[in-house]
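For reference, the structure is listed below as structure tokens.
Values quoted throughout were computed directly from the atomic coordinates according to the rules given, and no laboratory measurement underlies them. Being a predicted model, the structure only gives us computed values, none of them experimental.
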Amino acid sequence: MRYQLYFVLLLSYVITSCGVVSTNEHRCIGFNSCMCKSSVGIIDISALANKNGTARFRDIPSPDAAQSTVSWNPCYPFSDGTYQAMACYNVSGCVVHYAAGMFWYYSLGTQQSATFITDATRGLGIYYNTTEQGGRSLFVQLQCDPKVEADFGVSPDDPYVDNTFYFTLRSRWTCPDPHRN
């Protein structure tokens, strides 16, 4: 009986310290596009961001088509493409699709559109959206893993639904820090 109690307490600690915030009572209130505060601590992903106008995570194969890639940069905008009229300009995420001998660029939102939300099935994430070019959006699920610097990839469950691209970021930087103010 005593060991069961220890197991339950240990499991509760592991879940809390790993940042699994998947219920509304553990919402994470955003300060900006990089940081949010929950009841278990502050999450700050700014250490993962490029500050030079390029995407930190580039050319990840897109879930919607074989000849598409997605790029994402947390916290700071980036631009991709050579012609401003046909490029992603000052965005948080960008889809590049190759068709008919051309590259087509589609915004997935700006840093200003970033919202920390708790999805009922995916848990805590950052949602970006745009109304440009048919209104696409990006949801980046935040998964705490203290042993990983940054692993960004397509979400294994329903990676593309209703013009929303679902990706997962596993990182030590997505773990809540209870000691940060």
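Here are a few things to note about the model shown:
- Amide H contacts under 5 Å for residue 104: 97, 98, 99, restricted to partners 5 or more places along the chain or on a different chain, H placed in the peptide plane at 1.01 Å from N.
- With θ taken as phi - 60° and the Karplus curve 6.51 cos²θ - 1.76 cosθ + 1.60 applied, the whole-hertz 3J(HN,Hα) list for region 116-121 is 7, 9, 10, 7, 4, 9 Hz, x standing for glycine and proline.
- Amide H within-cut-off set for residue 175, under 5 Å, with H built and near neighbours excluded: 145
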